[in-house]
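The values are calculated or read from the model by the stated rules, or taken from the named source; none is laboratory data. Remember, it's a predicted structure, so these values are computed and weren't measured experimentally. Virtual Cβ from ideal backbone geometry, glycine too; neighbours counted across all protein chains shown. The protein model used for the area step is the full one, side chains on, heavy atoms only, and it has no ligands, DNA or RNA in it. Shrake-Rupley method; radii C 1.70, N 1.55, O 1.52, S 1.80 Å.
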Amino acid sequence: MTVLLLVEDDAVLRGGLKELFMREGYRVIEAGSVREAREKLDDTVQGIVMDVGLPDGDGIALCREWRARGEMRPILFLTAKDEEFDVVRGLDSGGNDYVTKPFRMQELLSRVRVLLRSGAPKNALTRDGFTVDETRMQITKDGAALPLTLTEYKILLMLLESRGVVPREKLLEALWDDGGKFIDDNTLSVHMSRLREKVGTDRVRTVRGVGYQWRDM
């Protein structure tokens, strides 16, 4: 049986999440604070679902502490904010994914399933100064972490992995949210525009009527 460490200080929410995970066949170890999380992270735990704001500390700081001592088990953050700064802080600390409150329960379950499947360490992809760390869901440029949203990360990963043109349809299919959130063609264009601002406008070539292609400089 898969064991999750659930770190959430809101007792009502924690109880609801525990019931949800147990119905899906998980065993849940509960913690309501940073102190309890440290005490209850044992060898049986296979994945961690953790709130960012805790009464005696910060979930992001705790994640950074665990990663610094070699902890590699996947961590999903629960956060009340969706500002890019908070997302980047969370992923930069070593978090693997995040879900913003209020969230849909099925979306959370889907994210947890994906997280557990991808929990094994992966080799980093390096291309023309850009390095992908899929375990941490982070991409660096010349050693500096890029401030990417989760959607931008997924787009850039697909572009870096491909040596040819990535069709728009393939990008849209990959970006279809497991919780049912649809990303349409216009929204993809907006994400692509913002991504270009972060990686360099000449890096991503538009192939009209087909899709996009990464350009090594």
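The distance between label points at Glu197 and Leu150 comes to 2.1 nm (points 7 Å beyond Cα on the Cα→Cβ vector).
In the chain, the sites counted are trypsin sites (Lys or Arg not before Pro) in DSSP loop states with at most 15 other Cβ atoms within 10 Å, and the longest stretch holding none of them, exclusive of the sites, is 1-68.
Taking 0.36 nm per residue of sequence separation and removing the Cα-Cα distance, the Asn186/Glu19 pair yields an extension gain of 56.3 nm.
3J(HN,Hα) along region 200-217, derived from phi through the Karplus expression 6.51 cos²θ - 1.76 cosθ + 1.60 where θ = phi - 60°, amounts to x, 5, 7, 6, 10, 9, 8, 9, 4, x, 10, x, 9, 9, 6, 10, 6, 9 Hz, with x in place of Gly and Pro. Note on the chain: with neighbouring protein chains present and a 1.4 Å probe, carbon and sulfur make up 49 percent of its accessible heavy-atom surface.
Shown are Met192, Met1, Met105, whose ranking by accessible area with a 1.4 Å probe and every protein chain present, most to least, is Met1, Met105, Met192. Per residue, the solvent-accessible area of region 1-77 (1.4 Å probe, heavy atoms of protein chains only, all protein chains present) comes to 46 Å². Estimated translational diffusion coefficient (Stokes-Einstein, Kirkwood radius over Cα pairs, 37 °C, 0.692 mPa s) of region 1-107: 239 µm² per second. Between the beta carbons of Arg104 and Lys170, assuming R0 = 30 Å, the FRET efficiency works out to 0.75 to the nearest 0.05. DSSP beta bridges confined to the chain are antiparallel in about 50 percent of cases. Calculation over all alpha carbon pairs of region 33-84 in 5 angstrom steps from 0 returns a P(r) of 4, 18, 33, 27, 12, 4, 1 percent.
Two decimals, Cα atoms only, Kirkwood Rh: what is Rg/Rh over the chain? My calculation of the ratio gives 0.99.
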